[in-house]
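The values are calculated or read from the model by the stated rules, or taken from the named source; none is laboratory data. From a predicted model like this one, the values you see are computed outputs, not experimental measurements. Cβ coordinates were reconstructed from backbone atoms using ideal geometry, including for glycine residues, and neighbour counts include every protein chain displayed. In case anyone asks, the SASA skips ligands and DNA or RNA and just uses the protein heavy atoms, side chains included. Shrake-Rupley method; radii C 1.70, N 1.55, O 1.52, S 1.80 Å.
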Amino acid sequence: MPIFFPNSEQKLLHRAQLVAGYTFGEIAQYLNIPIPTDLSKQKGWVGNLIEIFLGANAGSKAERDFANLGIELKTIPVDKQGKPLETTFVSVTPLMANHGVIWETSHVKYKLTKVLWIPIEGERTIPLADRKVGKPILWTPTQEQERQLKQDWEELMDMIALGQVEKITAHYGTYLQLRPKAANGQALTEAIGENGQIILTRPRGFYLKKSFTMQILDNAMKS
């Protein structure tokens, strides 16, 4: 089977619309990819399946998934009501050497400039092979959404710079939150402590809150 690589936004969107309504099992069979018995040991399997079908080419690099088109790909597991089941990872949070870092050149803004959202059935009661892919949403933040994302990012980055990383909980931020990001609790990285000293802490990541991704899904339904 020839590998598909989209060379235009229209071709990518058409491909994403094409796969809507198909099950993971059908897509995996088409791509000749084995289906895991469960996702606990293969957390990225679904995202990888969709990436391969749509021709994403960034892999694990820091680029957007469709670097040539300036588009990031995000699968979003939803329940029967179409509500997001989990927060959405955006990027790893830099905890050191942040002097002079601004929103306009931040990795979060870079990743969220244009996003192709692929809703997927995520309820665990549905067998993995039977879960379906939903209709794609090509999204660019509105001025208001970007204003709030920027405000959240600046507040969180200020706290990190002031040595308050350990005080940040998932409740901070309206759209964007900071959460530990590591395969296990043993992984540690350097950060600034309260007295300006270097401390060891768990790596952090920027995530979009479910209330915000719900807003994106709702707005797409209305348009």
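Here are some notes:
- Qualifying residue in the stretch 53-63 (condition: of a type outside the set (Asp, Glu) and in contact with a strand residue (DSSP E or B) (Cβ under 6 Å, 6 or more places away or on another chain)): yes
- Here Ile102, Ile76 are screened, and the one residue that is touching a helix residue (DSSP H, G or I) at 6+ places or on another chain (Cβ under 9 Å) and touching a residue at least 24 places away in the same chain (Cβ under 8 Å) is Ile76.
- The stretch 172-212: number of residues that are β-branched (Val, Ile, Thr), open to solvent by less than 50 Å² (accessible area, probe 1.4 Å) and touching a Phe, Trp or Tyr at 6+ places or on another chain (Cβ under 8 Å): 0
- Taking first residues from the stretch 13-26 that are farther than 22 Å from Ile126 by Cβ and partners that are modelled with pLDDT under 95 and of a type in the set (Gly, Ala, Ser), the Cβ contacts under 8 Å between residues at least 6 apart in sequence or on separate chains come to Arg15/Gly55.
- Of all residues in the stretch 132-152, those that are open to solvent by less than 30 Å² (accessible area, probe 1.4 Å), within 21 Å of Leu73 (Cα to Cα) and part of a helix (DSSP H, G or I) total 2.
- Residues of the stretch 12-34 that turn out to be basic (Lys, Arg) and farther than 22 Å from Ile76 by Cβ, as a count: 0
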